[in-house]
1. Once neighbouring chains are kept in place and the probe is 1.4 Å, which whole percent of the accessible area of the range 218-359 is contributed by carbon and sulfur?
2. Leaving out ligands, DNA and RNA, what percent of the accessible area of the range 109-200 is carbon and sulfur, probe 1.4 Å?
3. Sort the range 165-247 into rounded, prolate or oblate with this rule: let a ≥ b ≥ c be the square roots of the eigenvalues of the Cα gyration tensor; rounded if a/c is under 1.5, and if a/c is not under 1.5, prolate when a/b is larger than b/c, oblate otherwise.
4. Where a Cα-Cα gap under 26 Å defines reach, which lysines qualify for residue 319, not counting those fewer than 8 residues away within the same chain?
5. Per residue, how large is the accessible surface of the chain? Use a 1.4 angstrom probe and give square angstrom.
6. For the pair residue 71 and residue 155, what calculated FRET efficiency results from E = 1/(1 + (r/R0)^6), where r is the Cβ-Cβ distance and R0 = 30 Å, to the nearest 0.05?
7. On the full set of protein chains, 1.4 Å probe, figure out the accessible area of residue 209 and give it in Å² to the nearest 10.
8. Please tell me the relative contact order of the chain in percent, rounded to the nearest whole number, where contacts are Cα pairs under 8 Å and at least six residues apart.
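The values are calculated or read from the model by the stated rules, or taken from the named source; none is laboratory data. Quick caveat: nothing in here was measured; it's all calculated off a predicted structure. No Cβ is skipped: glycine too gets one built from the backbone with ideal geometry, and neighbour counts run over all protein chains shown. Ligands, DNA and RNA are stripped out before the accessible areas are found, and what is left, the full protein with its side chains, is counted by its heavy atoms. Shrake-Rupley method; radii C 1.70, N 1.55, O 1.52, S 1.80 Å.
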Amino acid sequence: MLVSDFDYHLPPELIAQKPLADRAASRMLHVRKDSGEIRDSYFSGLPDLLRPNDLVVFNNTRVFPARLFGHRSGTHAQPLSPRNPASKEFLRGKVEALLTKQIGEWEWEALVRPGRKIGVGERISFGENEELKAEVISHGEFGERTLRFDPVPDFFGTIERIGHVPLPPYINRQDEQSDRERYQTVYAREHGSVAAPTAGLHFTPEILDRLRQRGIETTEVTLHVGLGTFQPIHEERVEEHHLHREWYRVSPDAANTINRALDSSRRVIAIGTTAVRTLEYTGRSGRVEPGSGETDLFIYPGYQFRVVGGMLTNFHLPKSTLLMLVSALAGRDLILRAYNHAVAEKYRFYSYGDCMFIE
């Protein structure tokens, strides 16, 4: 299967740069995978499209301001000629780090720019007053660095003060104060993601109330979105690609709720691709197992779903693993036809854009 089989043309002006004033006002493309029907709708109508006995599963991860700006200390940096007038400025040049995964009490995997110029052993200071300091202790297989931070009394409190919202690279602007609230689901609780589970951005307290009023059961799982979200596919063949591992947790109560739904042949509706991957990884035996760990499950056409019967998802980048996942659920031809329809109808694309309900 070729990666190029999952390409489509998207005019740049359809990439949403800011969220709508009302979260629930997004358009929604309704896709029926059995009949192939495609229908234009609005997200606010989702509760009425769900069946009263559906189980809706949310990812309750919380985005933290994982983008840090700082400067090099010059320690252990590659030396430059002292006759070069730019050497001192270069050795203390600006650095950007995107924390992608915590791997120890003070150790984090991170994407660092300019990566090639920063070697193992170099120290970096972050924040205008150097509130955080770290040493590069290793390189990773995906181009990431491992940073070891100097201990501070309140690490995450400091991150909240000096960090920036890690908006995706296709949003061509700096993050704003409003992004701290809007690039976050209203049910976000578990601190640890570097990107939002964007299908959940459309929900409001009022929409959640309407689900409850209709008697629709809900539960939550956790998957912290990490480097895999930013990882492009370099291989030509889909089967040769490997995802970066991401941390998940499914509580015993959530697992019992999901398994009761499966035992009763009720539909499990996942909100977002991260919820899909969590459910399918923990449910690969046919029943969802509680616990926590890491998953690198890569879902693409040919995959047999064991838990998920439908999903809400945003529109994804061409030739991306997320587009392959939704194609696995509904079929590549139907999904590409739906995407072409969305382009023709000028839907808003990607993180702050419109959504698609597949059932």
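1. Answer for the range 218-359: carbon and sulfur cover 45 percent of the accessible area.
2. 45
3. oblate
4. Correct list for residue 319: 18, 33, 101, 346.
5. Ligands and nucleic acids excluded, the result is 46 Å² per residue.
6. 0.95
7. Using a 1.4 Å probe on the heavy atoms, I get roughly 60 Å².
8. 25
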